[in-house]
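Reviewing the structure listed below.
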Amino acid sequence: MLIKRSKLTKGRLFVNTDPAQATVKILNIKRRYHRGMAVERGRYHLRIIHEGYQPQERWVKVRANQNNTYTFKLQRLVTTGTIIIQSTPPGAVWILDGHPAGITPDSRDGVEQGQHQIAVKMDGYDPWQKTMTLHAGEKAILKVALIKSGPKPGQLWREPVTGMVFVWVPEGCFSMGSPPDEGGKDPDEGPVHKVCLDGFWMARSEVTNRQYRRFDPHHESKAVNGESLDGDDRPVVHVSWHDARAFARWLSQHDGGAVTFRLPTEAEWEYACRAGSTTARFWGADPDQACRFANVYDQTSKARNGFAWPAHDCDDGYAVTSPAGSFAPNAFGLYDMLGNVWEWCEDTYNDHAYETHAARNPIYTASGPFRVNRGGAWNDIARSVRCAVRERLDPAFGNPYVGFRLVWTP
């Protein structure tokens, strides 16, 4: 009996896969694979494909006139990664794609590759969130520094009774006092020492006549050489330290007690005046640039008042006080920190007060006959218009050159 050649040269190809139902392709012939198909003896290049598994390629040998069986065990594709999350401070809740995932520090394996929304929340801190892309097999480490919740630098708040606007002054540290080489330095401005302060709200401008008359409707700020100081938007003057504190108590009561207003400490005042600067004035060292930033004893005031002391070599256009906020603010957004009127502070005056200052939030409250005022006024020469200048005055005394502004702390 004759045997057909095809039966002598062909064998059957059986391909098994784990898992089953994978797609089998023979790359070096054009025929489509089906299980147990007869093919010429020889070597065949197979590709095995299954969704979710790593593709495999392999050369196999088919022998004639027999069943040729090959098994492929497929490796599952890595489609997940790991998220490792840390926070400062620890103990925050972290949220993965809108669902609570754990408490930091923490990790989560088996997170599908792709984009994910991560959020971190903790009481007393601003929430943190990020969209991230996780790659297969990746260990993504997220280090989150949480920021204490609260006002932001330069944020404004309007007091409802008087309309007074307050600016948030952020916490920070600075060198308080004047260095030995600062022009016009007085002995009580040292020693220079590092002071750190909590954040506080400071009135953007000095208290005006309009605002003060909500408290005392009959108050008059009077006039100098026929020039009125009594305009509604000009800073209130002829107020003592006791008057200023009484106004602060009154305003605290009228705000329902939710906010307690007070005078700034010396340290708060100087920190706010400097606004990050280290020069004698927040705009720099040159006193003749004052007329852009402060109402000082200038050429207009000299011509009108004729005071015997030297005037600044610039012209701010005002013979006496100017309306609050008439000049450029400092970097904290505060107006008239120098010039216009001296400002009462909470501290008792002592020429050696700095030697006893605490490193954080210092205030000098020992007994003494005087209280501190700061910042210079509309009738002052250059040496008195500096951030470090300290002046003293009887707390029962008021004059045309001294006013005040308020602060409050959360």
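Quick look at the values:
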read-out	value
Semi-axes of the equivalent ellipsoid for the chain, Cα gyration tensor, largest first, Å	83, 21, 19
Extension gain (nm, one decimal) between residue 121 and residue 292, 0.36 nm per residue minus Cα-Cα	57.1 nm
Candidates 197, 46, 229: whichever shows maximal mean-square fluctuation once the chain is modelled as a Gaussian network with Cα springs under 10 Å	46
Distant-in-sequence amide H partners of residue 169 (H built 1.01 Å from N, under 5 Å)	200, 201, 202
Whole-Hz ³J(HN,Hα) from phi, Karplus 6.51 cos²θ - 1.76 cosθ + 1.60, for the range 94-109, glycine and proline x	10, 10, 10, 6, x, 10, x, 10, x, 10, 6, x, 7, 9, 9, 8
Inter-probe distance in nm under a simple model that places probes 7 Å from Cα toward Cβ, at residue 161 and residue 9	10.9
Cross-link reach list, lysines versus residue 25, counting only Cα pairs under 24 Å and skipping chain neighbours closer than eight places	7, 10, 61, 73
Linear extension gain, residue 370 paired with residue 303, 0.36 nm per residue minus alpha-carbon span	20.8 nm
Environment charge at residue 327 (Cβ cut-off 10 Å; Lys +1, Arg +1, Asp -1, Glu -1)	-1
Cross-link reach list, lysines versus residue 130, counting only Cα pairs under 26 Å and skipping chain neighbours closer than eight places	121, 139, 143, 148, 152
Under-5 Å amide H pairs with residue 142, H placed in peptide plane, nonlocal only	84, 85, 86
Relative contact order (%) - the chain, alpha-carbon pairs under 8 angstrom, separation at least six	13
Relative contact order for the range 282-410, counting Cα pairs under 8 Å that sit 6 or more residues apart, in percent	26
Which of 397, 282 has the fewest Cβ neighbours within 10 Å, and the rest in rising order	397, 282
FRET efficiency estimate (nearest 0.05) - Cβ-Cβ, residue 145 to residue 33, R0 45 angstrom	0.20
Distance in nm between pseudo-label sites at residue 106 and residue 228 (7 Å out along the Cβ direction from Cα)	6.6
Fewest-first sequence of 249, 158 by Cβ atoms within 10 Å of each Cβ	158, 249
Relative contact order (%) - criterion: Cα under 8 Å, at least six apart; region: the range 5-73	44
Karplus (6.51, -1.76, 1.60) ³J(HN,Hα), θ = phi - 60°, over the range 28-42, in Hz, Gly and Pro reported as x	9, 9, 8, 6, 8, 6, 9, 4, x, 5, 8, 9, 4, 4, x
Proxy reagent accessibility, fewest Cβ within 10 Å first, across 322, 252	252, 322
Dipole magnitude of the range 156-408, debye to nearest 20 (Cβ charges: Lys/Arg +1, Asp/Glu -1, about Cα centre)	440
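We did not get these values from a lab; they are worked out from the coordinates using the rules stated. Please read these numbers as outputs of a predicted model, since none were measured by experiment. Positions of Cβ are backbone-derived with ideal geometry, glycine not excepted, and every protein chain shown enters the neighbour counts.
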